[in-house]
Amino acid sequence: MTGWVAGLRTWTISLAATVASSYALDAWAATAGVAVVASGLLAGVDRPWVVALLVVSYVAWGFGLRTNLRANLTLLATTGTSTNVLSKAAYDLTRRTTGNARVQRLAAAVGYVGSQVAAEGVYYAGAFGAATLSDAVTGTDALLFLAGANLAAALYEYGLARLTATFLRRRPRRYASFDTDWVPAEYLAGYYRAVEPDEVATIAFLVEAVRGAEPDQPVLFFGVGPTLHHVFAVAEVASEIHLGDFLPANLAEIRRWIDRDPGAHDWRPFVRYTLQCEGVDHPTDEEIAAREDLTRTKITELIRVDARHRRPVDRRYPTVISPYCADSATSDRATWELYMRHITDLVEPGGLFVTAALRRCRGYTVAGKTFPGADVDEHDLRAVIESAFELVDGSIRVRSTAQDASHGYSAIVLCQAHRRPNQARASARREKSATTAAQPLHHRGER
Ligand SMILES: C[S@@+](CC[C@H](N)C(=O)[O-])C[C@H]1O[C@@H](n2cnc3c(N)ncnc32)[C@H](O)[C@@H]1O
């Protein structure tokens, strides 16, 4: 589906959901308000108690709204749709103008609550209008009507939140395809305008991990995407850097940065943060530019790789770094394990492997499209790594990132480990005896 058609579809669905939801809420809340007054159950209650009830009803409504705002944000992030078009408009607009997930969340919430508050004005006008125009309706009746309507609205918001969560859990997943739907610029705009919580943790971990890398040796990045934010951390330690990805479009994006194309992505915030992790408290512009230049000179190969192949690259490396690749390339657990085996087999005996995965994530969103997540956690990672790699305390870490609303995951798993020398030899033997049918897919890039 083209971006234009997909956009129209999400707007159409959101509009229909908004109309249906507004009618349902109004019918339910107004009926509840009228029922409270007509039942006469609270007819003799003094005005101060009625006011207190009204306050309580607003608090309940606030809690209901808060629950549904969370559900609405997840709906927006994972499907691009909403049960409130104003909320969707505010969310989409801020996504275009800022990479700050907090601002996007706030905008979606303001859109949602704003429309509810405007509707509340209509209820006030209706209730007090009736009290003014009709002798049969008193001011207390108007307050009781509003309290009843608010309590019903609170229940409605809770119910809608539950319904949304159930829908998101049960809907059949249709994942976007790397071959046809992946747009490097969309990924960069959605994830790398600023250093977000997952990268705060990942880059700090990487800086620490590469201290254990063998110096002055080549380093391979496997599944680097169109990104460089992890690469700056190895520029000093590596003799040369080889960047591998499945998509030529991703490698072309990296090429633009190497060539200083004016339209290339700006990685300076990530370089600054990398230097800070290395102990430079206030990196200067010159220090940042120097690290960029060093990285450019160290990148000697752009390689097309495919984790589906038994030997994705025709050599091994003393250091292989592969964050958010295997786990973010498939939704199938067995395929993830296979990719991990193919990637880790590229690590030399005694060599360092560093990886990262979206924790328990079944799909992450890029410009409204959901790409597959392998739904793995720290135990899964340990299980695929430990037979061939030395795991010590702190080798595998979990970091909470709370990015479920903006990207579709709330935590990450980080891992660094050295390959056991004996296990590496065993793996080499295994490989030798394995079928030779799988040809290495190794397209050297432009260098
Ligand atoms: C979410 S991106 C991660 C990119 C980068 N590592 C990062 O941290 O931003 C997932 C990457 O996996 C790559 N990928 C998908 N299928 C692959 C495969 N079969 N072999 C190797 N890489 C693959 C995609 O091209 C994409 O760049």
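The values are calculated or read from the model by the stated rules, or taken from the named source; none is laboratory data. Note that this is a predicted model, so its numbers are computed, not measured. Neighbour counts run over all protein chains shown; Cβ positions are idealised from the backbone, glycine included. Accessible surface areas use protein heavy atoms only, side chains included; no ligands, DNA or RNA. Shrake-Rupley method; radii C 1.70, N 1.55, O 1.52, S 1.80 Å.
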On the given criteria, is Leu188 open to solvent by less than 40 Å² (accessible area, probe 1.4 Å), aliphatic (A, V, I, L, M), closer than 20 Å to Tyr409 by Cα and more than 13 Å from the ligand (Cβ to nearest atom)? no
Residue list for segment 400-419, restricted to those being over 22 Å from Val103 (Cα atoms) and not aliphatic (A, V, I, L, M): Cys415, Gln416, His418, Arg419
Taking only pairs six or more apart or across chains, which ones have beta-carbon atoms under 9 Å, a first residue in segment 140-153 that is in a helix (DSSP H, G or I), and a second residue that is basic (Lys, Arg) and at pLDDT below 95? Thr140/Arg47; Leu143/Arg47
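Residues checked against (1) open to solvent by less than 10 Å² (accessible area, probe 1.4 Å); (2) closer than 21 Å to Glu186 by Cα; (3) not in a strand (DSSP E or B):
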residue: Gly351; (1), (2), (3): yes, no, no
residue: Tyr364; (1), (2), (3): no, yes, no
residue: Gly394; (1), (2), (3): no, no, yes
residue: Arg397; (1), (2), (3): no, no, no
residue: Leu414; (1), (2), (3): yes, no, no
Could you please find all residues in segment 17-42 being surrounded by fewer than 13 Cβ atoms within 10 Å (Cβ to Cβ) and either assigned to a loop (DSSP other than H, G, I, E, B) or not assigned by TED's automatic domain parsing to the domain that holds Leu151 (or both)? Gly40, Leu41
Under 9 Å by Cβ, and 6 or more places apart or on different chains, what pairs join a residue from segment 231-248 that is assigned by TED's automatic domain parsing to the domain that holds Arg304 with one that is among the aromatic types (Phe, Trp, Tyr) and assigned to a loop (DSSP other than H, G, I, E, B)? Val231/Trp267; Phe232/Trp267; Phe246/Phe178; Leu247/Phe178; Leu247/Trp182
Of the numbered conditions (1) away from the ligand (no atom under 14 Å from the Cβ); (2) open to solvent by less than 30 Å² (accessible area, probe 1.4 Å), Arg255 fails exactly one; give the number of that condition. (2)
Within the bounds of segment 43-60, is there any residue that is polar (S, T, N, Q), out of contact with any Asp or Glu (no Cβ under 6 Å at 6 or more places or on another chain) and not in a helix (DSSP H, G or I)? no
Considering segment 292-349 alone, what residues qualify as being within 14 Å of the ligand (Cβ to nearest atom), among the aromatic types (Phe, Trp, Tyr) and in contact (Cβ under 8 Å) with a residue 40 or more places away in the chain? Tyr324, Trp336
Mind checking which residues of segment 191-204 are part of a helix (DSSP H, G or I), more than 14 Å from Leu358 (Cβ to Cβ) and open to solvent by 10 Å² or more (accessible area, probe 1.4 Å)? Val200, Ala204
Checked segment 330-362 for anything more than 18 Å from Val320 (Cβ to Cβ), of a type outside the set (Val, Ile, Thr) and either in contact with a Pro (Cβ under 6 Å, 6 or more places away or on another chain) or outside the structural domain of Val207 (by TED's automatic domain parsing) (or both); matches are Ser331
